[in-house]
Amino acid sequence: MSAFIAAGGSTAPYPISNDGWFPDIDGQHLRESLRLDGSITDARLETAAVNAVIEINRELKSWKVQQLAAGNASLADVPADSIQGESQLLHLYRRAIYCSAGAELAERMRDYSATGDGAERAEALTPTADEYRRDARWAMRSILGRVHTTVELI
């Protein structure tokens, strides 16, 4: 039995500030949502989250401009149905950020404490980078009001 305990991540809340129109991201909620253990340090998580915010904001930029022109001062002000007392657009935006960050972490981080069968079981239960990317893409497409799949006949 190993005495090694990964303790890189904290349980203290920390915000990841955004541009003022899109909401800030709660780093601790991100950690809990992705079920990340202490092997992912706060610095690694923050780097992945900041990159996700940059990329998702970039992809939603023209939609944001349309919403600003319509008089919506923030994402929370865009008319949408509420789920658990909050705009579904806020839920979808967080999902896009979380899944994008999860994809980056899944690609770069491996649980080095597991070997053999343990690593295989962990991989079978852990979403892959491609699954995270798909979920992020679907969340963005839902924000934009588009269908999830595009099919073209050749």
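Summary of values
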read-out: Sole exception among (1) surrounded by fewer than 17 Cβ atoms within 10 Å (Cβ to Cβ); (2) under 18 Å from I16 (Cβ atoms); (3) at pLDDT 95 or above for V53, by number; value: (1)
read-out: Scan of region 106-124 for residues that are surrounded by 14 or more Cβ atoms within 10 Å (Cβ to Cβ) and either at pLDDT 95 or above or small (G, A, S) (or both), ordered by number; value: A106, S113, A119
read-out: Residues of region 70-80 satisfying the condition of being farther than 14 Å from L144 by Cα and either surrounded by fewer than 13 Cβ atoms within 10 Å (Cβ to Cβ) or in contact with a strand residue (DSSP E or B) (Cβ under 8 Å, 6 or more places away or on another chain) (or both); value: A70, G71, A73, A76
read-out: Cross-chain or 6+ apart pairs with Cβ under 9 Å, region 65-88 first and free of Cβ contacts under 8 Å to residues at least 60 places away in the same chain, then acidic (D, E); value: Q67/D77; G71/D77; A76/E86; S87/D77; S87/D81; Q88/D81
read-out: Residues within region 31-53 that are assigned to a helix (DSSP H, G or I) and closer than 24 Å to L92 by Cα, tallied; value: 14
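The values are calculated or read from the model by the stated rules, or taken from the named source; none is laboratory data. Please read these numbers as outputs of a predicted model, since none were measured by experiment. Here the Cβ is made from the backbone with ideal geometry for all residues, glycine too, and neighbour counts use every protein chain on show.
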